[in-house]
Amino acid sequence: MIYLILIIIGIFLLYAVIENAFMLCVRREKFGGDIKVVHISDLHKKRFGKYNKRLCRIVERESPDVIIISGDLVSRSEMNFETVGKTLEKLCRIAPVYMIFGNHEQSMLPEMQKKFLETVSLTDARLLRNENDVFEKNGRRITIYGLEEHYEVYKKNGGYRDLEIITPEDMQTYLGDITDEEVWLIAHNPFFAESYSQWGADVVFSGHVHGGSVRLFGRAILSPERVFFPKNSKGVYEFGRTKLLVSAGLGKLRLFNPPEVVVYVI
């Protein structure tokens, strides 16, 4: 019996190593539109080949019209941004890239954040910090907003108790009123989808939860805020007329939850 248990544990550990070291999945979602979007999130310190060659090759094969990066492209302890710069350069040669800060970019040391911003500025990637830009394709005019929320929704007084929330009024303060016909929002945190919807976003791209890190029976187990069974952890959710599109991301340790690139036709 003990040998059987050891074999099962060995298989379990082998799978965990394979999942974290080698897997990279492509998840596809179609909504009957004519714009192909590649969604990348939460890369952190994970690397898929030198300068993320493997990741970029997968994105290139998809021939997207636009690439969305919904935050945490790096970890807060990042010191060298060469890989980030070269990855963004490669992605920008494939399609327009729109990106935002995640909680890790927000909480970098000031000198590191400055280096990160300098690196991004040397590429054609459009970093949206409570700003918007217009993307036009196939006769459609889409305004893409990037949300940079108050950091206290992630961590407060050094811990995870009594965290702040994002209200529809906060959205108006950050981004103003919507006057555009079609609006996409990049918002790192998926927990405030109701507010994003009430503000007026048609589509929201999020990440942050890493799919719950561990998934069992299709359920997320733990959020970065140390909350068990977090909501809105991975997949497509609907809030009124708003579609919330949540990537499980690429980096951090995970189990039964492979790193993913998500491809949408919107």
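Some points to look at:
- Taken over segment 129-176, residues that are of a type outside the set (D, E, K, R), touching an Asp or Glu at 6+ places or on another chain (Cβ under 8 Å) and in a loop (DSSP other than H, G, I, E, B) amount to 7.
- Top-ranked residue in segment 155-189 [being in contact with a Leu (Cβ under 7 Å, 6 or more places away or on another chain) and in contact (Cβ under 8 Å) with a residue 24 or more places away in the chain; ranked as surrounded by the most Cβ atoms within 10 Å (Cβ to Cβ)]: 187
- Of the residues making up segment 148-190, those that are under 19 Å from residue 237 (Cα atoms) and in contact with a strand residue (DSSP E or B) (Cβ under 9 Å, 6 or more places away or on another chain) number 9.
- One residue stands out in segment 23-47 among those that are at positive phi and at pLDDT 95 or above: the one that is nearest to the chain's Cα centre (by Cα), namely 42.
- Residue 260 open to solvent by 30 Å² or more (accessible area, probe 1.4 Å) and at negative phi: no
- Looking only at segment 1-26, residues that are in contact (Cβ under 8 Å) with a residue 12 or more places away in the chain and either open to solvent by less than 30 Å² (accessible area, probe 1.4 Å) or within 25 Å of residue 80 (Cα to Cα) (or both) come to 5 in all.
- Residue satisfying all of: in segment 222-244; at pLDDT 95 or above and β-branched (Val, Ile, Thr); farthest from residue 27 (Cα to Cα) among these: 242
- Yes/no for residue 249 being in contact with a His (Cβ under 7 Å, 6 or more places away or on another chain), more than 17 Å from residue 17 (Cα to Cα) and open to solvent by less than 70 Å² (accessible area, probe 1.4 Å): yes
- Residue match in segment 189-207 (condition: in contact with a His (Cβ under 9 Å, 6 or more places away or on another chain), at pLDDT 95 or above and in a loop (DSSP other than H, G, I, E, B)): yes
- Any hit, segment 142-153, residues being more than 19 Å from the chain's Cα centre (by Cα), surrounded by fewer than 20 Cβ atoms within 10 Å (Cβ to Cβ) and among the hydroxyl-bearing types (Ser, Thr, Tyr): no
- Single unsatisfied condition, residue 120 versus (1) free of Cβ contacts under 8 Å to residues at least 40 places away in the same chain; (2) not in a helix (DSSP H, G or I): (2)
- Residue in segment 234-244 that is assigned to a helix (DSSP H, G or I), open to solvent by 50 Å² or more (accessible area, probe 1.4 Å), over 22 Å from residue 72 (Cα atoms) and in contact (Cβ under 8 Å) with a residue 24 or more places away in the chain present: no
- The residues of segment 213-233 that are under 13 Å from the mean Cα position of the chain (by Cα) and either among the small types (Gly, Ala, Ser) or crowded, with 24+ Cβ neighbours inside 10 Å (or both) amount to a single one, 233.
The values are calculated or read from the model by the stated rules, or taken from the named source; none is laboratory data. Predicted model only: the values in this text are computed from it and were never measured. Because the Cβ atoms are built from the backbone with ideal geometry, glycine has one as well, and the counts that use them run over all protein chains shown. Just so you know, the surface numbers come from the protein's heavy atoms only, side chains and all, with ligands and any DNA or RNA stripped out. Shrake-Rupley method; radii C 1.70, N 1.55, O 1.52, S 1.80 Å.
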